[in-house]
1. How much length is gained if the chain between R334 and L84 is pulled fully straight, taking 0.36 nm per residue apart and subtracting their Cα-Cα distance, in nm to one decimal?
2. With charges only on Cβ, +1 for K and R and -1 for D and E, what is the dipole size of the chain about its Cα centre, in debye, rounded to 20?
3. Debye sum, Cα scatterers, the range 100-212, no solvent: what log₁₀ I/I(0) at q = 0.14, 0.17, 0.23 1/Å?
4. At 0.36 nm per residue, and after removing the present C-alpha to C-alpha distance, how many nm does the segment from A202 to V63 gain when stretched out fully?
5. Could you order peptides 279-291, 32-44, 110-122 by the average number of other Cβ atoms within 10 Å of their residues, highest first?
6. With unit charges on the beta carbons (Lys and Arg positive, Asp and Glu negative) and the dipole taken about the Cα centre of the chain, which residue among A251, V158, H139 sits farthest to the positive side?
7. Find the all-direction average of the projected area of the Cα convex hull for the range 53-167, expressing the result in square nanometres with one decimal place.
8. In the range 215-361, what percent of the accessible surface is made up of carbon and sulfur (1.4 Å probe, ligands and nucleic acids excluded)?
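The values are calculated or read from the model by the stated rules, or taken from the named source; none is laboratory data. Computed from a predicted model, the values in this text were never measured in an experiment. Every residue, glycine as well, gets a Cβ built from its backbone with ideal geometry; the counts of neighbours run over all protein chains shown. Just so you know, the surface numbers come from the protein's heavy atoms only, side chains and all, with ligands and any DNA or RNA stripped out. Shrake-Rupley method; radii C 1.70, N 1.55, O 1.52, S 1.80 Å.
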Amino acid sequence: MNTPLSPPGAVRTDGSSVQIGALVPLTRPGWVEAGRHLLAGLELAVREVNDAGGIVGRPLELVVRDTAADPQRAAAAVDELARLGVAALAGEYHSVAARAAAGRADALGLPFLCSSAVLDALTEQPAEWVARLAPAQSHGWRIYADFLLGAGHRRIAVAADSSVYWASGARVLRDHLAPRGGTVIELDMRALAPAAVCDELAGNRATALLLLVGYPEPAVSIVRSVRRDQRLAEIMIGAPAGQPEFAEWAALLGGDNAAIPFLRYLPERLSQLGARVETALRERLAEAPSFVAFEGYDTVAVLADVLRSHGADRARTAESWARVAVEGTRGQIRFCRAPGISVWQWAWAPVQVVDRDPAEPDRFRILHAG
């Protein structure tokens, strides 16, 4: 006996939902504002999928777990979500947590579409079960290095915390800048107070300082110290990891928040879909959506398309990465095996270097695009 098809827009109410596990940093030391934007994008897309009839008549449901940027907590969440029977995993912003989640998901045979983490080595070995939307760090940060060179910076200091992510970023910058006449001066923030950074900058004649440190501290204190040191009036402060993207940055730093270039992953002009999603995200967040919110939306858009085509079978989902062709908010999303990248990769989301306009801090200026 054949089951009659549900009419367009109808979603079953018998509880047989298709579940996606969502990994999101919602508490400290995770970047809570980034997590809130990521979750808003995920939730908006789920709502729209269900308004359009769900996954072949079954409602799509998010099962959210807070990683707090903790690798062990992220891996434990993957184990739990796998036991609960989710069809796939989505999300995560922090590279160290995403790396732990990706390795565990690949070992368990659970498809994971990573939304925002950029670390090149998201898994130790090539992974069949993991795909990623965000540009790899080596791609985005090389574009940032080109921006520095184009702006005339050759002596670049990096105030760096100790982590795999920051070390990887410093290496990308150094390897890209050195053959082009640039010098990277590393300042170990395990040994320096924010005020001492100023003496190092002055002594090394650096023209740019990049913040490769935790947020809000010590990033905020470093910016305040440098901005108040008359010896450093001409120095450019940069934040390739994107700290100035969020409204909290402006609130914490006041007049010191502007003219700090950072990476974001948006096109110069949004498509019709992107503009519609931007309006809906703005209403949901009660503020301008960051690129992270768009990453969340696009993650669910991709997974919903795969689930509609192949059902909730985990193996078939992972096998479909190579055949994905989904119109996202920032362009058409396809995955490939990019050189040096261990997971299926969208190569590439649009990349911009932007800053907040000193004359109008709520407005972003596009300084460079890659």
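1. Extra length from R334 to L84 when fully extended: 87.1 nm.
2. My answer is approximately 500 debye.
3. -0.66, -0.84, -1.19
4. Extra length available between A202 and V63 comes to 45.0 nm.
5. Output ranking for 279-291, 32-44, 110-122: 110-122, 32-44, 279-291.
6. H139
7. 9.5
8. 47
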